[in-house]
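A short reminder: the numbers here are calculations on the coordinates, not readings from a lab. Worth saying up front: this structure is predicted, and the values here are computed from it rather than measured. For neighbour counting, all protein chains shown are included, and Cβ atoms are generated from backbone atoms with ideal geometry for every residue, glycine included.
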Amino acid sequence: MLRVIDAASYQGNMNLKAMDFDALIVKATEGVSYTNPYCDGEFQEAFNLKKKLGVYHFARNTKNTAEAEADFFIQNTKGYIGKAIPVLDWEDSDTSNVAWALKWLQLVEKAYGCKPLLYTSESVVNSYDWSSVANADYGLWCAKYANYIPDYDFNMAGAGPAPSIKYWKTMALWQWTSVGRIDGYGGNLDCSIFYGDASAWDSYVGKQTSNTPSNATPKQNPGDRAYKENRINYRVHQQSYGWLPHVEDGQVAGITGHAKRIEAIKIDCKMSGVKIHAKGHIQGIGWKDYGIITSDTVIGTTGQERRLEAISLEAEGLPEGMDIYVRYHIETDGWSDWIKGGILAGTVGLGKRLEAIQIKIQ
């Protein structure tokens, strides 16, 4: 997971060097006439700090055509192509014109060579038919706030449940607060989490790097390919946050750096004829054999404040040469190597919490 902030002109010139975050998405344009005067300065500073980057366009779809606004955005952000994820900010007074949004996304994709993201709220996602956008693999950045109580340094203790959305099976980002506070900046910030690692972000940008780690998210341009060609989906229940959205095929489920335990996990194998047998080691309970699991099987506990300390997965019915693999992040130790099916993933007897997990079949 990456910690993301987004910024518009009202934030002014932030001292990004003094702030602890992983990625910046900065407003570039609005309509067909407005450009953010602070955009390039913040973009270049973040780029020099080796932060991940995005640039967004605020749609004025009630006043202009998608073609005119896409062209305005492209002409003013050409220098960012290959460096940032383009984003359409969809929150004008009329949010029902899905065809307008799709056209803008298509035009910008052609210019950027990667698929833009759509930013909007949970209520907008669920109020209209976004299937044409989701089915075209444009990823979703969804906003949902539990309250307006300031959140400090990406703590997320008061974030509440993640958005419940239609059409997309998972989100690229969740913006959970507009009153985030980070040391080094004195005002409110919009804060989000990105459901992937640095390599996954680069895949959205459309670039490949020679130092991409072997455990990175698959290298296709990943709008939302979940539940289409993927092999396995999973989600975790994490302390303070509840159930997080589904991820797929080796992506990171869980949040590291916040000292929050994974309490449970659900796993859904999408491969026909393949069955998964699961065991889990739970704080205060020990090993529990779940047998052959379904997508509804809860491995672990919820509501009992118990950490899930280890799991063991075995897959039956896989093609010859394939197996299931698990990689986990544990407190104080960080990330493990990939572990083959049937081998314990985690620790037993050490009192350590699992904080994040990756699962893949290959």
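Tilt of helix 66-76 relative to the longest C-alpha principal axis of the chain, in degrees (0 to 90, nearest 10)? On a 0 to 90 degree scale, this one is about 90.
When the pairs Lys166/Lys270; Lys166/Lys288; Lys78/Lys103; Lys51/Lys144; Lys83/Lys352 are compared against a 29 Å limit on Cα-Cα distance, Lys166/Lys288; Lys83/Lys352 fall above it.
Counting DSSP beta bridges in the range 115-200, what percent are antiparallel, to the nearest 5? Don't jump to the answer; show the numbers that get you there.
Numbers: 5 of 14 bridges.
If I count the DSSP bridges inside the range 115-200, around 35 percent turn out antiparallel.
Entry note, the chain: the mean residue ellipticity at 222 nm calculated from DSSP H runs of n ≥ 4, each adding -39500 (n - 2.57), is -4500 deg cm²/dmol after division by the residues and rounding to the nearest 500.
Rounded to the nearest 20 Debye, what is the dipole magnitude of the chain about its Cα centre when Lys and Arg each give +1 and Asp and Glu each give -1 at the C-beta?
480
Counting every other Cβ atom within 10 Å of each residue's Cβ, Ser312, Ser203 order from fewest to most as Ser312, Ser203. Roughly what angle does helix 98-112 make with the longest principal axis of the chain, taking Cα atoms, 0 to 90 degrees, to the nearest 10? Helix 98-112 and the main axis of the chain meet at about 90 degrees.
For the chain, the longest principal axis of the C-alpha atoms and the axis of helix 39-48 are separated by about 40°.
When the convex hull of the Cα atoms of the range 254-316 is projected onto a plane and the area is averaged over all directions, what value comes out in nm²?
Details: hull surface 19.0 nm².
Taking the Cα atoms of the range 254-316, their convex hull projects to 4.7 nm² on average.
So if the hydrodynamic radius of the chain is defined as the Kirkwood radius over C-alpha pairs, what does Stokes-Einstein give as its diffusion coefficient at 20 °C and 1.002 mPa s, in µm² per second? For these conditions, the coefficient is 101 µm²/s. Temperature 37 °C, viscosity 0.692 mPa s: under these conditions the Stokes-Einstein estimate for the range 38-115, based on its Kirkwood radius over C-alpha pairs, is 251 µm² per second. Shown here is the pair-distance distribution of the range 2-201: with all Cα-Cα distances grouped in 5 Å bins from zero up to the longest one, the shares run 1, 8, 17, 20, 22, 17, 11, 4, 0 percent.
Quick check on the chain: of the DSSP beta bridges with both residues there, what percent are antiparallel, nearest 5%? Working shown, then result.
Working: 54 of 82 bridges.
The antiparallel proportion sits near 65 percent.
Among the GluC sites (Glu not before Pro) in the range 300-362, those placed in a DSSP loop whose Cβ has at most 16 other Cβ atoms within 10 Å are Glu305, Glu320. Pull up the DSSP beta bridges for the range 2-201 and report the antiparallel fraction as a percent, rounded to 5. Given both bridge residues lie in the range 2-201, the antiparallel proportion sits at roughly 30 percent.
Counting other beta carbons within 10 Å of each Cβ, put Ser199, Ser164 in order, fewest first. Please report the intermediate quantities before stating the final value.
Details: Ser199 18, Ser164 12.
The fewest-first ordering by Cβ neighbours comes to Ser164, Ser199.
Considering the range 227-361, its Cα convex hull presents a mean projected area of 7.6 nm².
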